[in-house]
Structure formats: C-alpha cells, structure tokens
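One structure is given here, and the rest of the page talks about it.
The values are calculated or read from the model by the stated rules, or taken from the named source; none is laboratory data. These numbers come from a predicted model, not from an experiment. When we count neighbours, we look across all protein chains shown, and the Cβ atoms used for this are built from the backbone with ideal geometry, even at glycine. In case anyone asks, the SASA skips ligands and DNA or RNA and just uses the protein heavy atoms, side chains included. Shrake-Rupley method; radii C 1.70, N 1.55, O 1.52, S 1.80 Å.
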Amino acid sequence: VTSALTPASTPARTNFSSDNYAGVHPAVLDALGEASGGHVTAYGDDPWTALATARLSEAFGAAGVFFVFNGTAANVLGISLMLRPYEAVICTEGAHLNVDEGGAAERIVGCKLLTVSAADGKLTPELVSTRLGSRGDEHRVQPRVVAITQATEVGTCYTVDELARLAEFCRANGLLVFMDGARLANAAAFLGCPLADLSVHVDALSFGGTKNGAMGAEALIVMNSALLTTVPFVRKQQMQLASKMRYLAAQFNALLDDDLWLRNARHANAMAHRLADGAAGIPGVDLWQPVESNGVFAALDPALIEPLRRDWPFHIWDPDQHVVRWMAAFDTTKDDVDAFLSAIRALAGAPTS
Ligand SMILES: Cc1ncc(COP(=O)(O)O)c(C=O)c1O
C-alpha cells in the first residue's frame, strides 16, 4: 500500500507563507538519527539534554533551560512562573500570546492580558505605563508581567538599548519581563549581538528552534533564578515534559554546532531583504514596516493580492489596510525570491528586471 502523499504529489515548492512551512534542516535530521541509538534515561536525564542545556545556559547566561514542544507552550510556561492569580500580563494587541494562541494564557494560566496598541510591534515604557493606572485598586487586576516579542510579530527588532530602557523601567516599577523569542535567532542576526545581550534584560524568554530549521523544539530560558524552583513541576502539569527529551535536545545541539542557528537566521533575513529591496520599486507595493528580520510586511494594491496568492500562498496580515506578510525561511533561495518578484512585477504590469 502506498501513501496518497507521494513525493510527486507533495506540494514541495517554497512559498512565503511562514517560516514554519519550511522543512527540517538536514543537520537537524542527521542529529535526530544520531541520537537514536540505544536506550537512555527518559525525561531529560540523558547526555543530549545535558549538553544542550549546558550550551544554551552558557550562550544566554541562564539560570535554567527547559525544553518544550512548541512556542505557545514556552510562552504559557514562562508567564505561569511569574503570576499570582490576580495578576496580569501587559502585551501588544498584536502579540502572538494575545491573538494566535487560542486563549492559552487565559485558559491555562488563568490570567488577563492587558493589551496596548503598537503599530511597530514594540512596547515602550510610555506604552506600558498606560496600563499601570489601577495598581493597588483591589477591584482591578494587577499588572505584573510585561511580555514582549523579539523579533516582533511585524518583523521589527528591539535594539539592545530599547530592551535596556524597558527593563530598567520594569524593574523600577515591580514588573517582570518575559520575551517571546520564537524568532530570537533572526533578531540576534539582525542586531549582530550575542544572545546574552538580549537575554540579560529579561526574567525569562523562549528561544525558538522550529522556525529556524528544527523539526519542533523550543527552549524556555530562565534568567531570574527566583523563578527556577517551580519550573519542572509546572512544565509537567502543562504536559510539556518530553519523555524522549533527547530528541528535543538533539535538535538544539545541531542548531548550536558551528552556529547553524545564526547562519540559518542570517540567510532567512538576507532573503527577506532581497525580497523587500526588489518589491520596493514595484508600483502597488508599499513596505509597511522596516525589514529587520525574516519577514516583509507590505501594503499591496488590493487588485494584486488574490491573483498573486493563487500561485504564491501568503498570509493577509491586515485586510483593512491590504497589508500582507511574506516570510523567508532558512531554505528560501535567491531563485525563489526572484521568481516571486517576477510574478509580482508581471501582475503589477511593471517591467521585468
Ligand atoms: C511570535 C511567535 N511566538 C510564538 C510562536 C509559536 O507558536 P507555536 O505554538 O505554533 O509553536 C509563533 C509561531 O507562529 C510566533 O510567531
């Protein structure tokens, strides 16, 4: 019996929908194979987990590292460590935590999200302070965590100075900081800084592998040692304690070898820049955000959107403003970008170049 999904029928063409439409980097697949010999202790007491934990602890300057299956889980676990039952999280309206996690924070953590509008995806001390007015009022939920995303959901990056300023404000105001780093690699590649320069400003963060060539692995990185003791128990309750932990860890070991994580992120960012540079001159295409990671956000002439999507699937980010999102991945090629640009030019009636 053959599977209906033979290689010939598999829709394998690269597109710009999302970085998690990409497959697994060959080095990660090899690492999974290599990790597969023999029996080792389950639940993380194995050499692969010890090695990946040590390497990530060093890279981030972390107090603790905990592997989980996906980014939503990392976010939920991270903020779970920080909140009492009457406390709340301040985040942007567009935060993945707020719009794309199915209410996981509200259901699993049981907390309220206090949202702030931020067109560029970034929180500032001024924006955070707009949600602090009800502190001390027993009728109101009490803000305790500021959740930011790096790179943001709209592809921008907090500079190290912006992170430092926000962290200082939060410390002075009794707020903890959680950073969703599903695309932290892309931010580090853009900023050209070590991972530790980003983590030092927060209490806990996630470090995404899945969008950067892993099959499916994320790490919760705990910086604030006061948060450490409950993590193993909360991770287990949240069903994120992998019994075959070595396979999550092996993926990170492969990404850490020879800085594959950074090379993948730099490449994805470069492909996004190539796409943005080419698209910028096409009539009917207006870049909506600066391209600072692996995503291009552009307002399109509405007449272009559906014809283009027929051959090149991508997400519509804001239907009212006709803003679309094009994501590059570690395996996007220059030819993919150039073919996509040709398709946009052809539809826009622009000269081919
Ligand atoms: C900013 C951000 N955070 C977290 C995630 C993780 O999501 P998932 O639970 O699908 O791994 C994503 C995935 O799209 C994301 O874009």
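Can you check what the net charge comes to around Ser206, using other residues whose Cβ is under 9 Å from the Cβ of Ser206 (Lys, Arg +1; Asp, Glu -1)?
Details: positive: none; negative: Asp180, Glu218.
Result for the neighbourhood of Ser206: -2.
In a shell of Cβ-Cβ distance under 10 Å around Gln142, excluding Gln142 itself, what net charge do Lys and Arg (+1) and Asp and Glu (-1) give? Write down the numbers at each step before the final one.
On the way: positive: Arg84, Lys112, Arg135, Arg140, Arg144; negative: Glu87, Asp137, Glu138.
Taking every other residue near Gln142 into account, the sum is +2.
Could you look at the chain and say what percent of its accessible area is carbon and sulfur, using a 1.4 Å probe and all protein chains?
Numbers: 8290 of 15710 Å².
Roughly 53 percent, rounded to a whole number.
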May I ask you to list the lysines whose Cα is less than 27 Å away from that of Lys236, ignoring any residue fewer than eight positions away on the same chain? Lys112, Lys211, Lys244
Using a Gaussian network model of the chain whose springs link C-alpha atoms within less than 10 Å, name the residue from Gly110, Gly295, Gly133 with the highest mean-square fluctuation. Gly133
All other residues with a Cβ under 13 Å from the Cβ of Leu123 taken together, and with Lys, Arg as +1 and Asp, Glu as -1, what is their net charge? -3
Note to self: C-alpha centroids of the stretch 227-278 and the stretch 24-41 sit apart, in Å, by 15
